[in-house]
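A.B. asks: Here you go, one structure.
The values are calculated or read from the model by the stated rules, or taken from the named source; none is laboratory data. Here the structure is a predicted model, which means the values were calculated and not measured. Backbone-built Cβ (ideal geometry, glycine too); neighbour counts: all protein chains shown. Remember, those area values only see protein heavy atoms, side chains included, never the ligands or the DNA or RNA. Shrake-Rupley method; radii C 1.70, N 1.55, O 1.52, S 1.80 Å.
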Amino acid sequence: MAEFQEKLRLQHETTMHKELEKLLTTAKGAEQEISKKDFEGFKNLFHRFLQVKGPSVKWDKIHKPPEDLIHPYDKIKAQALPDSVAASLNKLVVVKLNGGLGTSMGCKGPKSVISVRNENTFLDLTVHQIEHLNKTFNVDVPLVLMNSFNTDEDTKKILQKYTHHRVHIHTFNQSRYPRINKESLLPVAKDLGMHGDHADAWYPPGHGDIYASFYNSGLLDQLIAAGKEYIFVSNIDNLGATVDLFILNHLMTQPKDKRCEFIMEVTDKTRADVKGGTLIQYDDKLRLLEIAQVPKAHVDEFKSVTKFKIFNTNNLWISLAAIKRLHEQNTMDMEIIVNPKTLDGGLNVIQLETAVGAAIKAFDNALGVNVPRSRFLPVKTSSDLLLVMSNLYSLDAGSLTMSKKREFPSTPHVKLGSSFTKVHDFLMRFESIPDMLELDHLTVSGDVTFGKNVSLKVVSDSRDAGGYSWLESVFPAGGRLGGP
């Protein structure tokens with residue numbers, strides 16, 4: 001049986017290589033060269049996919065990370081910033097993962113151009129933050145956007161409006177990989193075209209592709225030559241992921257013989273984060289454990305807030321020189337995420353992906369930093385959008401901070417119904433964004449609209465036995481809420 005399986009694997013791999021060569025003949029010039037590089041990465045991923053058998057981790061080998069490898073943010077912040085902070089900033093590059101579309105929120109084009117606060121988009125806020133840093137410290141921190149083939153064209157048009165801002169902006173593209181027919185394990189694509197029905201045949205292979213695509217773009221070498229040493233990577237829709245001078249200083253002041261090549265920001269897990277990846281100690285290395293890697297018998301244990309107390313925010317600080325070294329040595333070993341999809345015509349396909357944080361085990365002297373929850377403020381849904389548009393947050397130089405007027409440090413739990421899913425519908429249902437400074441919990445379902453000057457707050461004697469606020473009791477299935 002083992003011999004049969006090996007022959008079958010070799011056959012799949014050989015046939016895949018032939019199909020990829022056929023696809024390359026349908027392109028010319030620069031497109032062919034770019035696709036050739038992309039396909040090299042895809043071949044490597046496909047080869048590993050065929051060899052994977054069973055879970056990628058053995059549960060009995062998993063241990064909690066040693067305390068000296070997860071540094072508390074409070075201790076880092078207690079260290080005074082040196083006068084050389086500007087020199088450290090000049091060695092930094094900010095990278096935003098900008099490959100996603102706004103389709104899940106009912107928007108066309110890149111998600112980064114959705115307005116989130118005072119008509120400012122995710123991209124506007126990012127540019128304002130970095131420009132403020134550059135002006136305040138008289139430094140040159142560049143912004144790099146990792147686009148996908150879905151977002152690249154639109155993003156480049158939008159970037160023209162930042163020409164006169166004090167921030168140098170660079171872009172590079174994620175790889176473009178072919179979706180695989182689940183039954184035949186062959187590419188769905190018949191040529192390299194991207195228009196019409198052909199668009200469904202391709203996908204960007206997850207943010208773990210950053211290492212290869214950054215290297216292949218030539219931008220990695222360019223930044224190293226310019227004296228840059230570290231990148232700060234985060235999702236563009238995480239509004240809490242700003243450049244933190246204390247973490248940067250901590251990174252730069254590690255002993256030379258223990259120079260840290262990778263910092264992952266983690267934060268305390270709540271019940272809302274039970275599926276988030278966590279840091280573990282495995283084979284004497286820090287490692288990211290994702291729920292997809294967990295054997296079914298241990299999923300409930302993985303979700304436990306008591307055993308796995310932290311989760312990955314995907315805010316990462318990574319050495320440029322280390323990325324170059326590991327890529328050239330081909331030792332950037334990241335677990336494969338097999339993502340099943342069904343295309344519009346009903347065809348079942350799989351796409352092979354990797355996650356950027358999974359590479360932590362390949363870097364020397366990697367650390368975790370347990371940061372406040374405020375550094376994890378993702379906007380994935382209209383419920384998240386309501387929070388960041390409200391007076392819960394103050395906006396200063398592109399950064400959102402919790403209002404000092406709010407008495408509780410925690411963010412309210414907001415769950416808006418399906419009528420609010422699309423941004424356009426969401427905006428139509430609010431004549432103005434409610435006052436939420438005293439809100440604890442909000443659930444809205446049905447055909448509900450909000451008038452002007454609405455204030456949402458906990459009324460202690462108006463809660464039912466389940467602890468739900470009065471708004472849920474009064475408007476469980478529809479209505480209009482007016483103010484004040």
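A.B. asks: Can you bin every Cα-Cα distance in the stretch 213-299 into 5 Å intervals starting at zero and give me the percent of pairs per bin, rounded to whole numbers?
C.D. replies: With a bin width of 5 Å, the distribution comes to 3, 9, 13, 18, 21, 16, 11, 6, 2, 0.
A.B. asks: First check a/c for the stretch 303-368, with a ≥ b ≥ c the square roots of the eigenvalues of its C-alpha gyration tensor; if it is under 1.5, answer rounded, and if not, answer prolate when a/b is larger than b/c or oblate otherwise. The partial results should precede the final answer.
C.D. replies: Working: a/c = 3.04, a/b = 1.36, b/c = 2.23.
Cα axes put the stretch 303-368 in the oblate bin.
A.B. asks: Cα gyration tensor of the stretch 1-130, axes a ≥ b ≥ c as square roots of the eigenvalues: rounded (a/c below 1.5), prolate (a/b > b/c) or oblate?
C.D. replies: Values: a/c = 2.35, a/b = 1.41, b/c = 1.66.
Oblate, because a/c is 1.5 or more while a/b does not exceed b/c.
A.B. asks: Quote the accessible area belonging to E290 in square angstrom, nearest 10, computed with a 1.4 Å probe and with ligands, DNA and RNA left uncounted.
C.D. replies: Roll a 1.4 Å probe over it and E290 shows about 50 Å².
A.B. asks: Taking the radius of gyration and the Kirkwood hydrodynamic radius from Cα positions alone, what is the Rg/Rh ratio for the stretch 386-449, to two decimal places?
C.D. replies: My calculation puts Rg/Rh at 0.98.
A.B. asks: Once you order the gyration tensor axes a ≥ b ≥ c over the Cα atoms, which shape class does the stretch 327-454 get: rounded for a/c under 1.5, otherwise prolate or oblate by comparing a/b with b/c?
C.D. replies: Numbers: a/c = 3.26, a/b = 1.46, b/c = 2.24.
Oblate.
A.B. asks: May I ask you to give the solvent-accessible area per residue for the chain, in square angstrom, as obtained with a 1.4 angstrom probe?
C.D. replies: Counting only protein heavy atoms, the per-residue value for the chain is 49 Å².
A.B. asks: So how much slack lies between D154 and K28, counting 0.36 nm per residue of separation and subtracting their Cα-Cα distance, in nm?
C.D. replies: Fully extending the segment from D154 to K28 adds 43.0 nm.
A.B. asks: For T401 and L245, what is the calculated FRET efficiency with R₀ set at 22 Å and r taken between the beta-carbons, to the nearest 0.05?
C.D. replies: Numbers: r = 15 Å, r/R0 = 0.68.
With a Förster radius of 22 Å, E is 0.90.
A.B. asks: Hey, another quick one. Need one value: the accessible area of R48 in square angstrom, 1.4 angstrom probe, rounded to the nearest 10.
C.D. replies: 60
A.B. asks: Dimensions of the chain along principal axes (Cα, Å, largest first)?
C.D. replies: 71, 58, 53
A.B. asks: Report the extension gain between A199 and H413 in nm, rounded to one decimal, defined as 0.36 nm multiplied by the number of residues separating them, less their alpha carbon distance. Show your work: numbers first, answer last.
C.D. replies: Working: separation 214, 0.36 × 214 = 77.04 nm, distance 3.73 nm.
Taking 0.36 nm per residue and subtracting the Cα distance, the gain is 73.3 nm.
A.B. asks: Cα-Cα pairs above 23 Å in the stretch 289-399: how many percent?
C.D. replies: Counting pairs separated by more than 23 Å, the tail of P(r) holds 55 percent.
A.B. asks: For each pair in K36/K156; K258/K404; K28/K422; K61/K341; K285/K415; K22/K275, compute the distance between the two Cα atoms and list the pairs where it is over 29 Å.
C.D. replies: K258/K404; K28/K422; K61/K341; K285/K415; K22/K275
A.B. asks: In what order, largest first, do E13, E183 sit by accessible area if the probe radius is 1.4 Å?
C.D. replies: I get E183, E13, largest accessible area first.
A.B. asks: Taking amide H positions as placed in the peptide plane 1.01 Å from N, state which residues far from Y393 in sequence (5 or more) or on other chains have amide H under 5 Å from it.
C.D. replies: HN-HN under 5 Å from Y393: S403.
A.B. asks: From the helices alone, meaning DSSP H stretches of at least four residues, give me the mean residue ellipticity at 222 nm for the chain, per-run term -39500 (n - 2.57), in deg cm²/dmol to the nearest 500. Write out the running numbers ahead of the final one.
C.D. replies: Numbers: 14 runs with 137 residues, N = 484.
Rounded to the nearest 500, the figure is -8000 deg cm²/dmol.
A.B. asks: Rg over Rh of the stretch 70-216, using C-alpha atoms and the Kirkwood radius, what does it come to?
C.D. replies: Here Rg/Rh amounts to 1.07.
A.B. asks: Further question: Ordering H164, H128 by accessible area with a probe of 1.4 Å, largest first, what comes out?
C.D. replies: Working: H164 180, H128 60 Å².
Ranked list, largest accessible area first: H164, H128.
A.B. asks: Also, quick follow-up: Heavy atoms only, 1.4 Å probe, whole protein assembly: order D425, D68 by accessible area, highest first.
C.D. replies: D68, D425
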